[in-house]
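The values are calculated or read from the model by the stated rules, or taken from the named source; none is laboratory data. Everything quoted here is computed from the prediction, not taken from an experiment. Note that each Cβ is placed from the backbone with ideal geometry, even for glycine, and that neighbours are counted across all protein chains shown.
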């Protein structure tokens, strides 16, 4: 039986075998990995293929049992947070190892999993705060990149030991953000703000507004429907700080008696500041 290290190397070798793979035609999001994904996982057509690449490498290298077939990075992170097939989620880069799937947010929005937009599999840790990672859909190619922690939200660790029959490594999953200290009123809907909001609303605390449905959003919508907008739809659909309009954000703005435009601006929102000030009183 192969060891854990050998299983990880099998996945890395699968990626190494396709280094330089691009798109045909250029800019089309079409290549052999996308074709494979559509045939073997989900017929979604061409699209961003970084998470497809992780799925392809793991499934075709014998690690299918450790990962759901995903093309959307946010859902893949949430799988790890929920412990799918024994996987674990870790914020930041501390403790990261070869074989981990590392997730980035190019807009650096305070480590919020809801905003991850790229992923690769770690090949080597360099010991100086940098690491090598193999990534699909990087400049429209599958490339080896040298990265540091600048844009990293966190990493997912598959339960590699399940393939080898080896003992499980010591468990050290990332702990949810602290909810005891006062929030910094910075106008950014990061994991600490979300975690404190979750605690106050009595929902599970993980610092993440889950998609496609969130317990926190459901709880918030129920309160808003009973207080400021009886027409508000209670559907658990995300409240995001992305500059887009959401009816629930408009209801929150009315509830907090702040200007109503149904938008939380990025990177700093006066509406989020109002929310943070309210949460710092221990209530919503």
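Things to note:
- Residue 231 falls short on exactly one of the conditions (1) touching a residue at least 12 places away in the same chain (Cβ under 8 Å); (2) over 26 Å from the mean Cα position of the chain (by Cα), and that condition is (1).
- Flag if residue 216 is in contact (Cβ under 8 Å) with a residue 40 or more places away in the chain and under 30 Å from residue 88 (Cα atoms): no
- Some residue of segment 77-100 being over 21 Å from residue 212 (Cα atoms), in contact with a helix residue (DSSP H, G or I) (Cβ under 7 Å, 6 or more places away or on another chain) and modelled with pLDDT under 95: yes
- Scan segment 245-282 for residues that are in contact with a strand residue (DSSP E or B) (Cβ under 7 Å, 6 or more places away or on another chain) and closer than 20 Å to residue 191 by Cβ and the total you get is 1.
- So residue 154, is it assigned to a loop (DSSP other than H, G, I, E, B) and either free of Cβ contacts under 8 Å to residues at least 24 places away in the same chain or more than 17 Å from residue 59 (Cβ to Cβ) (or both): no
- Residue within segment 260-282 that is touching a helix residue (DSSP H, G or I) at 6+ places or on another chain (Cβ under 7 Å), over 20 Å from residue 77 (Cβ atoms) and without any contact (Cβ under 8 Å) to a residue 12 or more places away in the chain present: yes
- The listed residue being exposed (fewer than 14 other Cβ atoms within 10 Å of the Cβ) and under 24 Å from residue 72 (Cβ atoms), out of 243, 207, 238: 243
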